[in-house]
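The values are calculated or read from the model by the stated rules, or taken from the named source; none is laboratory data. Note that the coordinates shown come from a computational prediction; the quantities given were computed from them, not determined experimentally. A quick note on method: Cβ atoms are made from the backbone with ideal geometry, for glycine too, and the neighbour counts reach across all protein chains shown. Just so you know, the surface numbers come from the protein's heavy atoms only, side chains and all, with ligands and any DNA or RNA stripped out. Shrake-Rupley method; radii C 1.70, N 1.55, O 1.52, S 1.80 Å.
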Amino acid sequence: GLIGYSDVYPAPDGRLVFAYIGDMQPGGYNNTRMAISTDNGLNFAWEKANVLDDATLVDEGGHQACSYVDPKPTVLPDGRIWFFVMTQDCEPPAPTIGRSTGYIHSFQSDYGVEFVHDEGIRLQPSDFDWETFGFVVYSLNDPVVVRLVDGRYRMFVTARICESQEPTDCEVGGLGNNREVLVSATATP
């Protein structure tokens, strides 16, 4: 199938890891794959599919929106890798009237190859309330996390928002209230 979003990061042992979304086709798994370079990126050898162990979610959910996609690695000060990913929670990417999708999860790895899912959700649409922000978030996509000078971490993420509390105003192709913006959130690990 097609290959989607990709990134390269250093493993603690000096190898380079190429993480990418693979099998992007009808009926495909649309999940994270991995290739590794031992020669500083000159050549990569395929390592494995189903890196985040989400193939069963796709099988149980019946379609690709169940997988964890768009892995963005953050290298921690001790060399461990912190992956931030999104899942549509088995829902389509465009908002359904009154239904939010797009949840940000994280996985950690000591060596950059085997990952353990962190408990809970890192960021979700309901974290952005109307009273504070003046919009409704329907989907969060493509997280990027950076370490700030003071040791905290800030996540930048694309949000599909609607500037109306009326769900019928927020349909894709509706009154123009539905658009994508960049939002951020800051936390300590």
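Sort out which residues of the range 20-44 are assigned to a loop (DSSP other than H, G, I, E, B), surrounded by 18 or more Cβ atoms within 10 Å (Cβ to Cβ) and polar (S, T, N, Q), and write them in order of number.
30
Do we find that residue 129 is within 23 Å of residue 54 (Cα to Cα) and either open to solvent by 50 Å² or more (accessible area, probe 1.4 Å) or at pLDDT 90 or above (or both) in this structure?
On the way: within 23 Å of residue 54 (Cα to Cα): no; either open to solvent by 50 Å² or more (accessible area, probe 1.4 Å) or at pLDDT 90 or above (or both): yes.
Judged against the criteria, residue 129 is not a match.
Only residues in the range 148-160 that are open to solvent by 70 Å² or more (accessible area, probe 1.4 Å) count as the first member; pair them with residues that are in a loop (DSSP other than H, G, I, E, B), Cβ under 6 angstrom, at least 6 apart or cross-chain, and list the lot.
As it stands, the answer is 152/188; 154/148, since those pairs meet every condition given.
Just the residues that are closer than 23 Å to residue 80 by Cα and either aromatic (Phe, Trp, Tyr) or surrounded by fewer than 16 Cβ atoms within 10 Å (Cβ to Cβ) (or both), please, taken from the range 132-147.
The first filter runs over the range 132-147 and keeps only residues closer than 23 Å to residue 80 by Cα, leaving 142-147.
Listed by number, the residues that qualify are 146, 147.
Output the residues belonging to the range 45-69 that are buried (at least 18 other Cβ atoms within 10 Å of the Cβ), closer than 22 Å to residue 112 by Cβ and not polar (S, T, N, Q).
At the first step, the residues of the range 45-69 found to be buried (at least 18 other Cβ atoms within 10 Å of the Cβ) are 51-52, 54, 57-58, 64-69.
Imposing the further condition that a residue be closer than 22 Å to residue 112 by Cβ reduces the set to 51-52, 54, 67-69.
Hits for the range 45-69 are 51, 52, 54, 68, 69.
When the residues of the range 96-126 are narrowed to those that are crowded, with 20+ Cβ neighbours inside 10 Å and aliphatic (A, V, I, L, M), which ends up nearest to residue 85 (Cα to Cα)?
Selected residue: 104.
What pairs can you find where one residue is in the range 5-19 and part of a strand (DSSP E or B) and at pLDDT 95 or above, the other is loosely packed, with under 15 Cβ neighbours inside 10 Å and of a type in the set (Gly, Ala, Ser), and their Cβ atoms are less than 6 Å apart, with a gap of 6+ or different chains?
Short answer, once both residue conditions are applied: 16/41.
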